[in-house]
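*Asks:* What follows is a single structure, and I will ask about it in a moment.
The values are calculated or read from the model by the stated rules, or taken from the named source; none is laboratory data. Quick caveat, the model's predicted, so the values are computed rather than measured. Cβ coordinates were reconstructed from backbone atoms using ideal geometry, including for glycine residues, and neighbour counts include every protein chain displayed. Surface areas here come from the heavy atoms of the whole protein model, side chains and all, with no ligands, DNA or RNA. Shrake-Rupley method; radii C 1.70, N 1.55, O 1.52, S 1.80 Å.
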Amino acid sequence: MSDTSTKQRTQTKLKTARPKLHKVILINDDYTPRDFVVKVLESVFRLGEPQAESIMMTAHQKGAAVIAVYTKEIAETKADEAIELSQQFGFPLMVTTEPEE
Ligand code: NFA
């Protein structure tokens with residue numbers, strides 16, 4: 001009798017390496033002009049104007065807003081670029097990052 005019906009066939013599940021994503025968060029302040037915030041969101045985060053306006057207004061009204069999520073390295077680089085650009089224009093705009101749950 002053949003034993004093929006009882007032979008054990010083990011499947012190893014291949015797991016995809018998923019890097020943890022980090023949120024980039026826009027923080028409201030009283031000094032950075034709204035139009036400048038929109039320009040930063042458009043140029044650093046490649047957002048379209050409607051989306052940039054929407055995120056800027058959310059931060060303006062609620063105190064903070066998630067701009068986007070990226071891998072840690074890219075999130076931190078983009079946050080730095082946004083802060084750097086704002087400082088060049090003398091504005092105190094703050095952008096932070098935090099790991100996603
Ligand atoms: N609160 C700022 C203003 O009224 C606009 C702003 C929005 C700044 C979002 C920072 C972040 N000029």
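*Asks:* Which residues, taken from region 9-61, are free of Cβ contacts under 8 Å to residues at least 40 places away in the same chain, outside any helix (DSSP H, G or I) and either within 8 Å of the ligand (Cβ to nearest atom) or not basic (Lys, Arg) (or both)?
*Replies:* Passing the criteria: THR10, GLN11, THR12, LEU14, THR16, ALA17, ASN28, ASP30, LEU47, GLY48.
*Asks:* If I filter region 79-88 for residues that are within 14 Å of the chain's Cα centre (by Cα) and within 13 Å of the ligand (Cβ to nearest atom), do I get at least one hit?
*Replies:* The answer is yes, given that some residue of region 79-88 is within 14 Å of the chain's Cα centre (by Cα) and within 13 Å of the ligand (Cβ to nearest atom).
*Asks:* Can we say LYS20 is in contact with an Asp or Glu (Cβ under 7 Å, 6 or more places away or on another chain), charged (D, E, K, R), open to solvent by 60 Å² or more (accessible area, probe 1.4 Å) and at pLDDT below 95? First the steps, then the outcome.
*Replies:* Details: in contact with an Asp or Glu (Cβ under 7 Å, 6 or more places away or on another chain): yes; charged (D, E, K, R): yes; open to solvent by 60 Å² or more (accessible area, probe 1.4 Å): yes; at pLDDT below 95: yes.
Judged against the criteria, LYS20 is a match.
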